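Below is one structure, written out as structure tokens; the observations come after it.
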Amino acid sequence: MILSVIIPAYNEAANIKRTTRLLHRSLIRANIPHEILVINDNSQDETEEVLNKLQREVSTLRYINSTNENGFGFAVREGLDNFKGDCVAIFMADCSDSPDDLVTFYNEMVNGDWDCVFGSRFIKGGHTHGYPYLKLIINRIANNIVRLAIGRKYNDYTNAFKLYQKKTIDGLRPFLSPHFNLTLELPLKAIVRGYNYTVIPNSWTNRIHGKSNLKIKEMGSRYFFILLYCLIEKFFSRGDYKKTT
């Protein structure tokens, strides 16, 4: 099973080299066939120049300059339209996610034949390092609201770091979210549409360089829209979008 790793990158020249090298090293060490697909999201810094040079060093790396307007969701969706693997993960350009965790996700999917592998930083074995306190409080409130609304025990919906089989991604289309709310849309649609999943712990470490592009004040209503959309689909679509065996 070939793994594709989508990395959306906006002004990540200071981070993308380290992230790509660490990711490539872990996947090679684990003998995982893969591609690393970076979506350069209209960066205004030297991100493309760094990627162009890095391609000569990392044989599994390719990058695409986004043809959409700027936005995390748009960049990831472009990656989802262009990846070549049998399964796909979203990996942050600042290496806040762990490459070794991705190896664990991949092995869990292969051995268990799961449609999706979801991580949680907030179960036994999960960790966060340097998580801003206010962001953590908002995260926990938002995820508990989603958990109660959907009626599942899973508690880390908004974490982008998840692994999906290609057939699962195809079954979640069309995508609606242009921004970070895509991180909520993908797992909610997978659950509502009947795809199976497992949850394992993962870690998160705050970025070394730069600052996150997530603007919490702008995202509240967008997250709520996706939650409401998925609840409407769950209760009123009469199974029209359900996974077919």
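The values are calculated or read from the model by the stated rules, or taken from the named source; none is laboratory data. In this text the structure is predicted, and so the values were computed from the model without any measurement. FYI the Cβ positions are ideal-geometry reconstructions off the backbone, even for glycines, and counts take in every protein chain you see. To get the accessible areas, we keep the full protein, side chains included, count just its heavy atoms, and leave off ligands, DNA and RNA. Shrake-Rupley method; radii C 1.70, N 1.55, O 1.52, S 1.80 Å.
Details
- Filter pass, Lys167 being open to solvent by 10 Å² or more (accessible area, probe 1.4 Å), at pLDDT 90 or above, of a type in the set (Lys, Arg) and on the phi < 0 side of the Ramachandran plot: yes
- Residues of the range 125-143 that are surrounded by 12 or more Cβ atoms within 10 Å (Cβ to Cβ) and part of a helix (DSSP H, G or I): Lys135, Leu136, Ile138, Asn139, Arg140, Ala142, Asn143.
- Selection within the range 1-17 - out of contact with any Lys or Arg (no Cβ under 9 Å at 6 or more places or on another chain) and either closer than 19 Å to Val88 by Cβ or modelled with pLDDT of 95 or more (or both): Met1, Leu3, Val5, Ile6, Ile7, Pro8, Ala9, Ile16
- Screening Phe122, Phe83, Phe118 for residues that are under 12 Å from the mean Cα position of the chain (by Cα) and not in a helix (DSSP H, G or I) leaves exactly one candidate, Phe118.
- Residues in the range 77-93 include at least one that is without any contact (Cβ under 8 Å) to a residue 40 or more places away in the chain, out of contact with any Leu (no Cβ under 8 Å at 6 or more places or on another chain), more than 22 Å from Asn202 (Cβ to Cβ) and surrounded by fewer than 19 Cβ atoms within 10 Å (Cβ to Cβ).
- Single unsatisfied condition, Glu46 versus (1) free of Cβ contacts under 8 Å to residues at least 40 places away in the same chain; (2) in contact with an Asp or Glu (Cβ under 9 Å, 6 or more places away or on another chain): (2)
- Yes/no for Asp115 being at negative phi and touching a helix residue (DSSP H, G or I) at 6+ places or on another chain (Cβ under 6 Å): yes
- Test: residue in the range 171-181 that is open to solvent by less than 50 Å² (accessible area, probe 1.4 Å), over 19 Å from Tyr229 (Cβ atoms) and out of contact with any Pro (no Cβ under 8 Å at 6 or more places or on another chain): no
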